[in-house]
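Enquirer: Dropping a structure here in structure tokens format, bear with me for questions.
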Amino acid sequence: MRLRNIPRAKQVIEASPTVIQNPESCLGRWHDIFGNQNPIQIEIGMGKGRFLTELAKKNPDINYIGIEKYTSVLLRAVEKLGEETLPNLYFICMFAENLEKVFAKEELDRVYLNFSDPWPKDRHQKRRLTSRNYLSLYEKILKKDGLLEFKTDNLALFDFSLAEIPAAGWKLLAQTKDLHHDPLGARNIMTEYEERFSEKGNPICKLIAQKG
Ligand code: SAH
């Protein structure tokens with residue numbers, strides 16, 4: 001998702017109590033920042049943030065952090081939240097490449113990826129957020145037995161991800177290529193992209209994997 005540069009984005013984001021302005025200063029201190037020892041889960045590429053915001057409302061005993069690389073997109077998430085603040089939800093504007101600067105070893109319980117950019121060209125494989133180099137990055141910041149949950153409508157990206165998981169030494173716990181007609185879809189929370197693509201008739205794929 002890439003939106004036009006929006007001049008007010010920076011200002012609105014800097015004024016939002018939900019956005020962490022200096023995430024690198026939080027390295028290893030996230031439980032203190034939330035003020036509890038509850039599990040911490042992140043979504044990388046959260047877009048407009050509906051998925052994580054709904055999860056945060058449903059599960060007050062879990063802490064959530066949404067990560068988005070573009071201020072123009074994060075602005076939408078902040079605006080959707082409006083005046084509301086949730087004690088268990090923060091957003092960060094950053095590139096996934098920098099995760100290790102922001103999260104300490106084994107600080108997180110789960111990583112969500114929803115409708116990640118497919119990077120269809122072979123030479124861009126390494127940029128896919130489910131590639132083995134990203135999996136090894138998640139492995140460091142996830143706790144023992146930490147999980148990755150991934151949804152997409154892009155079959156090529158899904159098949160690529162299914163192959164990367166064992167190659168990276170991770171365990172595939174569950175998968176479906178038609179989430180909305182599968183028991184794995186019970187209590188599913190739709191993302192903005194998921195709604196758009198499923199309305200077009202695209203089946204939604206989902207996998208759950210556990211770090212090795
Ligand atoms: N998860 C949302 C948005 C999907 S679009 C949904 O399902 O509706 C993918 C999003 O990931 C875009 O907003 C894009 O800007 C963001 N993104 C892509 N690569 C990223 C990266 N390396 N780091 C952080 N965000 C990224």
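Enquirer: Need one number: convex hull volume per residue for the range 17-58, Cα atoms only, in Å³.
Expert: Working: hull volume 4.3 nm³, N = 42.
Residue-normalised Cα hull volume stands at 103 Å³.
Enquirer: Apply the Karplus parameterisation 6.51 cos²θ - 1.76 cosθ + 1.60, with θ equal to phi minus 60°, to every residue of the range 42-52 and state each ³J(HN,Hα) to the nearest whole Hz, in sequence, with x for glycine and proline.
Expert: Along the range 42-52, the couplings run 10, 10, 9, x, 6, x, 7, x, 4, 4, 6 Hz.
Enquirer: So, taking all protein chains as they sit and a 1.4 Å probe, how much accessible area belongs to Phe91, in Å² rounded to tens?
Expert: We get 0 Å² for Phe91.
Enquirer: Give me, ordered by chain and number, the residues 5 or more places off Asp153 or on other chains with an amide H under 5 Å from its own placed amide H.
Expert: Long-range HN contacts for Asp153: Cys205.
Enquirer: Still on this structure, please answer the following. ³J(HN,Hα) across the range 169-174 via Karplus (A = 6.51, B = -1.76, C = 1.60, θ = phi - 60°), whole Hz, x for Gly/Pro?
Expert: Rounded to whole hertz, the list is x, 8, 10, 7, 8, 7.
Enquirer: Measure out, as a whole number of angstrom, how far apart the alpha-carbon centroids of the range 134-160 and the range 22-60 sit.
Expert: If we compute the Cα centre of each part, the gap is 18 Å.
Enquirer: Be a star and scan the range 14-56 for residues whose amide nitrogen sits under 15 Å from the point 7 Å along the Cα-to-Cβ vector of Glu83.
Expert: 17, by backbone N distance to the label point.
Enquirer: Using a 1.4 Å probe on the protein chains only, how many percent of the accessible area of the range 17-160 belongs to carbon and sulfur?
Expert: On the way: 3170 of 6550 Å².
Heavy-atom surface of the range 17-160 belonging to carbon and sulfur, 1.4 Å probe: 48 percent.
Enquirer: Give the lysines whose C-alpha is closer than 20 Å to that of Lys143, dropping any in the same chain fewer than 8 places away, or say none.
Expert: Lys101, Lys105, Lys171, Lys211
Enquirer: Please calculate how many Å² of accessible area the chain carries per residue, with a 1.4 Å probe and no DNA, RNA or ligand atoms counted.
Expert: For the chain, the solvent-accessible area averages 50 Å² per residue.
Enquirer: For the chain, report the % of Cα-Cα distances exceeding 30 Å. Before the final figure, lay out the partial values.
Expert: Values: 3984 of 22366 pairs.
For the chain, the fraction of Cα-Cα distances above 30 Å is 18 percent.
Enquirer: Simple spin-label model, 7 Å along Cα-to-Cβ: Ser25 to Glu199 in nm?
Expert: 4.1 nm
The values are calculated or read from the model by the stated rules, or taken from the named source; none is laboratory data. Please read these numbers as outputs of a predicted model, since none were measured by experiment. In this analysis, Cβ positions are derived from the backbone assuming ideal geometry, glycine residues included, and neighbour counts consider all displayed protein chains. Heads up: the accessible areas ignore ligands, DNA and RNA and are worked out on the full protein's heavy atoms, side chains in. Shrake-Rupley method; radii C 1.70, N 1.55, O 1.52, S 1.80 Å.
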